[in-house]
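So the structure is just underneath, and the comments pick up after that.
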Amino acid sequence: MDFSHVELSAEDQAFRDDTRAFIAKHVTDDVLHRQLEFGENFDERVHLALGEAGYLASDWKLESEGGFSPVRRRIFHLEIARAHTPWYHWGTTSVVARLVWQFGAPELADKVVPGVLSGEIRLCLGYTEPEGGSDVATCKTRAVRDGDAWVINGSKMFTSNAQNARYVFLLTNTDPQGPKHRNLTMFLVPLDSPGVEIQGIRTLDGDRTNIVYYSDVRVDDLYRIGEVNGGWTVMRAALDSEHGIVNPEDHGLQYIAAMAAHGDLMAEVVDAVAAAVAQPGADGRRPLDDDSVKYRLGRDVARMEAALSTPGMFGRVAVAQTMRDVTPDLMDILGTASALPTETPGSATDGAAEHLYRLALPLGIYGGTLEVFRNMIAQHQLKLGRPSYGG
Ligand SMILES: Cc1cc2nc3c(=O)[nH]c(=O)nc-3n(C[C@H](O)[C@H](O)[C@H](O)COP(=O)(O)OP(=O)(O)OC[C@H]3O[C@@H](n4cnc5c(N)ncnc54)[C@H](O)[C@@H]3O)c2cc1C
């Protein structure tokens, strides 16, 4: 691993300064307050401004297509994350737009991609079903051919950001009698179609997600992504990207772990706790002078650093597991005031540790649970064979 300092050119420094100024102008206290209240991880005004300024297009495109250089991509992602920009769903829109471009009809890509890059069109994922999502190939949502169209019936659990999206990237079953993995078809379903009903759900950490019902929803064959019963090929490309199994770049500037932005958040909270315990309390003593506080904080810092340096899908497990393990410790170090949430008078570190504690649980579920990831690591990376649950 290359730990050398990256010297920024004058142009890249100017880019960083402009990006900081742009984010400071758009990601206001008001935006952050709305995020706290509604947990949407999305703000339309910010998103449209990012589109208009060309950031979305530069982030979506590869460098060879006119997108960001690795240095600028790194600067952009760091600045976006440091400001806590409510922008987590861009990753989904970005990946799905690539798949539409790669596997969809050119006419559909022409209809969707420009709107994605301007920020007007957002895309969400409809894989998980109420009866069980880890094994997505057991999909029960049906799509039945009717002339040039398809009729879709079923329901999907946890379709995050559907309320702000124009289309859902929907996994359907097009041949219930067919062999597993060869009976699935993907669609990009317009969410304003008659028969689509979106109901909001709030998670433990205050985020908004949805359950979406599909009742006799008609979509033209134009919206099919990939071959009929060839959906698994399309899904695999999407899942590999989500799971961090994409070809690692070798410039050393990319995030190391999958979902590493959450690791940055953890680093920020660990720093805030370290700063808080270095302040003298009412009795004039610093909690940090207590050996047990020093030991526990040091252990948490070491675990966090190890997680942030763990690559790919191993890192996805390390970041989420570490977050689950260190947050109770951080709250304990801070004392009872750490249980008060953000924007509550008297809360320690303005509720940052408490929020991270609640975030750690869903973080180990969405995009695939930690248990399922551990199995994938055992099976595919360590070549230990398929797990056997038999007696
Ligand atoms: C906040 C949030 C946002 C989400 N956003 C989206 C989204 O936008 N789109 C979308 O499609 N989905 C989304 N999901 C769904 C997420 O991907 C699933 O919740 C996850 O894959 C687990 O599926 P499940 O909830 O059906 O649990 P199940 O698959 O029913 O699992 C239940 C338990 O069994 C364990 N388990 C299951 N299979 C195995 C196995 N093979 N080995 C060991 N243990 C196993 C799991 O680890 C878990 O503890 C979101 C989830 C959350 C919480």
Legend entry - Per residue accessible area in Å² of the range 123-229, where ligands, DNA and RNA are left out and the probe is 1.4 Å: 43 Å²
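Return one quarter of the surface area of the convex hull spanned by the alpha-carbon atoms of the range 260-382, equal to its mean projected area, in nm².
Values: hull surface 31.4 nm².
Answer in nm², one decimal: 7.9.
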Legend entry - Accessible surface of the chain [probe 1.4 Å, protein heavy atoms]: carbon and sulfur percent: 53 percent
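In whole angstrom, how long is each semi-axis of the equivalent ellipsoid of the range 117-227, when you take the square root of 5 times every eigenvalue of its Cα gyration tensor and sort them from largest down?
Numbers: eigenvalues 98, 61, 29 Å².
The equivalent ellipsoid of the range 117-227 has semi-axes of 22, 17, 12 Å.
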Legend entry - the chain: relative contact order as a whole-number percent, Cα under 8 Å and 6+ apart: 12 percent
Legend entry - Extension gain (nm, one decimal) between Ala21 and Glu131, 0.36 nm per residue minus Cα-Cα: 35.0 nm
Inset, instruction - Lys and Arg at +1, Asp and Glu at -1: add these up for the other residues within a Cβ distance under 14 Å of Gly263 and post the number. - result: -2
Inset, instruction - Could you rank the peptides 217-224, 191-198 by their average count of other C-beta atoms within 10 Å per residue, with the highest value first? - result: 217-224, 191-198
Legend entry - the range 233-375, accessible area per residue, ligands and nucleic acids excluded (1.4 Å, Å²): 48 Å²
Legend entry - Using θ = phi - 60° and Karplus 6.51 cos²θ - 1.76 cosθ + 1.60, couplings along the range 134-149 (whole Hz; Gly, Pro as x): 4, 8, 4, 5, 7, 2, 10, 4, 9, 10, 10, 5, 9, x, 8, 10
Legend entry - Extension reserve of the Arg145-Ala306 stretch, reckoned as 0.36 nm per residue once the Cα distance is removed: 52.9 nm
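So what is the 222 nm mean residue ellipticity for the chain from helices alone, if each DSSP H run of at least 4 adds -39500 (n - 2.57) and you divide by all residues, rounding to the nearest 500 deg cm²/dmol?
Values: 13 runs with 173 residues, N = 391.
My calculation for the chain gives -14000 deg cm²/dmol from helical runs alone.
Per residue, how much accessible surface does the range 10-118 expose to a 1.4 Å probe? Answer in Å², no decimals. If you can, show how the numbers build up before the last one.
Details: 5360 Å² over 109 residues.
Using a 1.4 Å probe on heavy atoms only, each residue of the range 10-118 averages 49 Å².
Which order, highest average first, do 258-269, 363-374 follow once you tally other Cβ atoms within 10 Å for each residue and take the mean per peptide?
Working: 258-269: 20.7, 363-374: 17.6.
Order by mean packing, descending: 258-269, 363-374.
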Inset, instruction - Work out Dmax and Rg for the chain from the C-alpha atoms and quote the Rg first, both in angstrom. - result: 22.3, 78
Inset, instruction - Quick one: which residues, 5+ away or cross-chain, put their amide H under 5 Å from the amide H of Thr128? H built at 1.01 Å from N. - result: Met157
Inset, instruction - With a ≥ b ≥ c taken as the square roots of the eigenvalues of the C-alpha gyration tensor of the range 10-118, please select rounded if a/c is under 1.5 and otherwise prolate if a/b is larger than b/c or oblate if it is not? - result: oblate
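The values are calculated or read from the model by the stated rules, or taken from the named source; none is laboratory data. As the structure is a prediction and not an experimental result, all values here were calculated from the model. Cβ: placed from backbone, ideal geometry, glycine included. Neighbour counts: every protein chain shown. To get the accessible areas, we keep the full protein, side chains included, count just its heavy atoms, and leave off ligands, DNA and RNA. Shrake-Rupley method; radii C 1.70, N 1.55, O 1.52, S 1.80 Å.
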